[in-house]
Amino acid sequence: VIKGSNTFGESLGPRLIEEYVKLNPETSIELESKGSASGFAALLAGECDIASSSRPANEDETRLARSREIKMTSSTIGYYGVAVVVNEKNPLTNLKDSDVRDIFTGAATSWKSFGGEEEPIRVFIRDPVSGTHLGFRELAMENKPYAGSAVPLKSYEEIVDAVRKDPYAIGYVGMNHASDEGLHALRINGIRFTADNVNDQAYPYARQLRLYTRRGDEAKPARRFIRFVQSKIGQNILKE
């Protein structure tokens with residue numbers, strides 16, 4: 001049983017599981033993706049074998065693990081990037097990282113500040129249970145709070161849909177949605193959002209994707225699955 005990150009669970013997890021089960025037909029894998037926080041909660045409650053996360057365990061999760069005498073093992077499986085996206089009708093192609101911070105914290109509220117029309121910027125973000133909700137704050141916002149007007153949504157698909165429908169919208173999505181129809185990813189500090197730039201950590205909004213287990217209490221199939229993800233086959237899937 002794997003629970004946690006939407007970044008892992010929306011498309012990457014199902015692909016990995018499909019390939020793994022082809023090679024190991026005796027294994028069945030259950031996947032639930034409600035956000036990184038839900039994965040840690042399930043792992044510490046003994047409700048899953050693996051917690052997928054797009055962020056490290058936070059202080060509260062580490063403290064709870066300690067109180068229950070649980071040690072967690074973190075296995076890095078790759079890097080993921082967060083693309084800042086706007087509607088396809090928006091002529092903007094690049095933002096400085098300070099501009100992104102100002103937009104998502106609410107310090108900048110009009111597209112006129114960035115050479116656009118005098119129209120309000122409508123901001124769409126992930127809901128607080130998502131690892132990317134916190135991760136983007138750390139990566140892009142100096143850990144400042146989101147603008148009060150920012151609209152939290154439950155999946156990247158919902159953000160894509162909201163930005164696609166609104167010419168004055170901005171949001172962030174995972175790599176697999178960056179080139180979806182109806183929107184385009186912005187360059188940040190002139191750096192394009194590409195897999196190579198994410199893997200090289202040249203693109204600023206990139207971080208590790210991890211699978212967590214309970215140390216000393218891992219089921220053999222869970223260990224085998226993580227080894228598969230870190231193998232050449234698994235890494236090729238992740239790269240795609």
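Annotations for the structure displayed:
- Computed over segment 1-94, the range of Cα coordinates on each principal axis works out to 53, 38, 20 Å, biggest value leading.
- 10 Å beta-carbon shell around Glu158, net charge (K/R +1, D/E -1): -1
- Using C-alpha pairs below 8 Å separated by at least 6 residues, the relative contact order for segment 1-129 is 22 percent.
- Along its principal axes, segment 92-152 has C-alpha extents of 34, 20, 18 angstrom, given from the largest down.
- The number of Lys pairs in the chain with C-alpha atoms less than 24 Å apart, excluding pairs fewer than 8 positions apart on the same chain, is 24.
- Share of carbon and sulfur in the accessible area of the chain stands at 46%, probe radius 1.4 Å.
- The chain - percent relative contact order, Cα under 8 Å, separation 6 or more: 29
- Vicinal HN-Hα couplings computed from phi for segment 169-182 (Karplus, 6.51 cos²θ - 1.76 cosθ + 1.60; Hz; Gly/Pro x): 9, 9, x, 9, 9, x, 4, 6, 10, 4, 10, 4, 4, x
- Between segment 186-240 and segment 77-118, the C-alpha centres lie 25 angstrom from each other.
- Using distinct alpha-carbon pairs, which all enter the 1/r mean, Kirkwood radius of segment 40-103 in Å: 15.3
- With the convex hull of the Cα atoms taken as the outline of the chain, the averaged projected area works out to 12.8 nm².
- Look at the Cα gyration tensor of segment 149-218: its axes a ≥ b ≥ c give a/c of at least 1.5 with a/b at or below b/c, and that counts as oblate.
- Scoring 148-158, 98-108 by mean Cβ neighbours within 10 Å over their residues and listing the highest first yields 98-108, 148-158.
The values are calculated or read from the model by the stated rules, or taken from the named source; none is laboratory data. Keep in mind that what you see is a predicted model, and the values were worked out from it rather than measured. Positions of Cβ are backbone-derived with ideal geometry, glycine not excepted, and every protein chain shown enters the neighbour counts. Note: areas computed on protein heavy atoms with side chains; ligands, DNA, RNA excluded. Shrake-Rupley method; radii C 1.70, N 1.55, O 1.52, S 1.80 Å.
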